[in-house]
Amino acid sequence: MSRGTLLDLIYLIAATTFIIALKGLGSPKRARMGNVVAAAGMTLAIVATFFHQTSDGHSLRHIPLILLGMFIGAIVAVPAARFMQITAMPQLVAIFNGVGGGAAALVSITEFVHIHAEKPATYVTLEVLLGVLIGTVSFSGSAIAYAKLQELMTGRPITYPGQQIINALFALTAVALIVIILITASTPLLWVLLAVSFVLGIIFVLPIGGADVPVLISLLNSFTGLAVAASGFTLGNNLLIVAGTLVGASGILLTRMMSAAMGRSLANVLFSAFGSVVASSSAEREDGRTVRSGTPEDIGVLLAYSGKVVIIPGYGLAVAQAQHVIRELADELEAKGVEVLYAIHPVAGRMPGHMNVLLAEANIPYEKLKEMDEANSELTTADVALVVGANDTVNPAAKTDPGSPIYGMPIINAGDAENVVFLKRSMRPGFAGVENDLLFDPKTVLLFGDAKDTLTKLLAAVKAS
Amino acid sequence: MTNAILQYATVFMLSAFVGIEIISKVPSILHTPLMSGSNAIHGVILVGAMIILGSATTTVEEVLGFLAVILATLNVVGGFVVTDRMLELFKSKSPASRKAKSEGDAQ
């Protein structure tokens, strides 16, 4: 067997591990195994590539430089991924996705420079240009997504007059540039395309609100996959085509599943600048309605003498890193014979599964985490709904107010419980920028402050009662 | 059109269908780990970056290829480590060993 054939065989094995891995990642039992399998396949493919023969029959050149590049990449990536706070996971995924898109674009550009002298076939140039366009959009788009999540810039949608038209013009310019480069084979124009793609990625992401950014990251992840597949076409490498296409195709489907979990379509997520306007109904809010705020002692007694408490966590819990305190509170309540459950909204926090990850870290048993439908039937018999740092996911406007931007999103019916307790940092509306009528409900009590502080006080109050 | 491009197009089509089939039913709690896992998998662009840098004959190609290797390594290494860290938290019945870790870093 020749060296090339052996290499192709190893790539085939690696591609198979990626399929097994993605399949595994979709099931709770095999997810971890899936990731390990993919990592093993990836290691195999990378080691094998050192034995690659270039098209002119040479062995791989610049091996020390390759190793140096890998070393630099690894010493930056490992600590960043290991020691970043759990709440910063979404940003990390965004940034690692962005650099992948950038790498794919660079591979395409370099190959274009490399083969340019040989007057490549039109379809080869097309593959290069698509790789550059998609990879660069993913790179700059992910950078903005990172900035939004990391709060380096406002999480609110950024809109300006004629935005859709300007964005469409940029997209058309990119397409026109591709056509012109295909005809003229001009290298300088390639750099123009690079610049246009870069700007396109930014302006595409600007109008998307912070709450929708996870869906966006999933879409950009899928883009990077397609850019990798395009590089695979250019290089004639089956592994890149298979892996890139797998991610591209499954990523689009995953993106649609994530928007469906918010009760919205993907187009609505991408183009509606969701959350930019504080809902029309908020105007009538200046009518002097008052909220009732309670003391930790009152609420502690209320909790301690309940039969069933449903905890509804949100992003505030993650920000305050209060997962361990909430578990202690739940343990204390259970010791007093109170039934405690957790209601998990599919998009609570900043990413689907955010709350599960967070609560799992505090070793809260799986069985106590109830998905939305089950949680809603539990809430009808609950004495207290304890909302910790959540807002939009329990906002009844999603069901009752057709004028509200979150109308149609499935919510957790916290209002069905006998009493509602909100632990909030302030009266500020949630991420979607919508007022929550439930706060003004007579059966609602508010306790302001950082979730960790207020939960600690509640814990003391429950212990004392 | 050569035979090679048709072959690649065949691989592309089949992979697209496989990609859609394999993730048809994913519980919402696994959306994020799945995204992160597939993020790591497209880090396979490192193979392309290695080939590019390994075939470079001019300084421009060397610089671009070197950058590509760094970025791709960030993607692949970071992707797998983050996914592993996420999934680590899903082990439901493990001893409470990492409890003290994330205390005290609020805000």
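Here are a few things to note about the model shown:
- The mean count of C-beta atoms from other chains within 10 Å of the C-beta of residues in A:29-37, rounded to a whole number, is 5.
- Gyration tensor verdict on the stretch B:1-83 (Cα atoms; rounded if a/c is under 1.5, prolate if a/b is larger than b/c, oblate otherwise): oblate
- Pairs beyond 29 Å (Cα-Cα), from A:Lys148/A:Lys463; A:Lys368/A:Lys457; A:Lys148/A:Lys308; A:Lys370/A:Lys452; A:Lys29/A:Lys399: A:Lys148/A:Lys463; A:Lys148/A:Lys308; A:Lys29/A:Lys399
- Loop-located trypsin sites (Lys or Arg not before Pro) in the stretch A:1-51 whose Cβ has at most 16 other Cβ within 10 Å (DSSP): A:Lys29, A:Arg30
- Label-point gap, in nm, between A:Leu12 and A:Ser27 - each point 7 angstrom along Cα→Cβ: 2.6
- Top positive-direction residue, dipole computed over chain A with Cβ charges, set A:Ile72, A:Val205, A:Asn363: A:Ile72
- Helix A:323-335 vs. chain A, principal-axis angle (Cα, 0 to 90°, nearest 10): 40
- The region of chain A that goes longest without hitting one of the GluC sites (Glu not before Pro) in a DSSP loop, each with at most 16 other Cβ atoms within 10 Å, is A:1-150.
- Helix A:89-115 and the long axis of chain A differ in direction by around 10°, with both axes built from C-alpha atoms.
- Mean separation of Cα contacts under 8 Å, 6 or more apart, over the residue count of the stretch B:28-90: relative contact order %: 47
- Residue mean of other protein chain beta carbons inside 10 Å, A:47-55: 3
- Based on C-alpha pairs under 8 angstrom that are at least 6 apart in sequence, chain A has a relative contact order of 13 percent.
- The charge dipole of the stretch A:84-277, taken about the Cα centre with unit charges on the Cβ atoms of Lys, Arg (+1) and Asp, Glu (-1), comes to about 320 debye, rounded to the nearest 20.
- Beta bridges per DSSP, both residues in the protein assembly as shown: antiparallel share near 5 percent.
No lab work stands behind these numbers, since they all come straight from the coordinates. Just so it is clear, the model here is predicted, and its values are computed rather than measured. We place every Cβ from the backbone using ideal geometry, glycine too, and count neighbours over all the protein chains shown.
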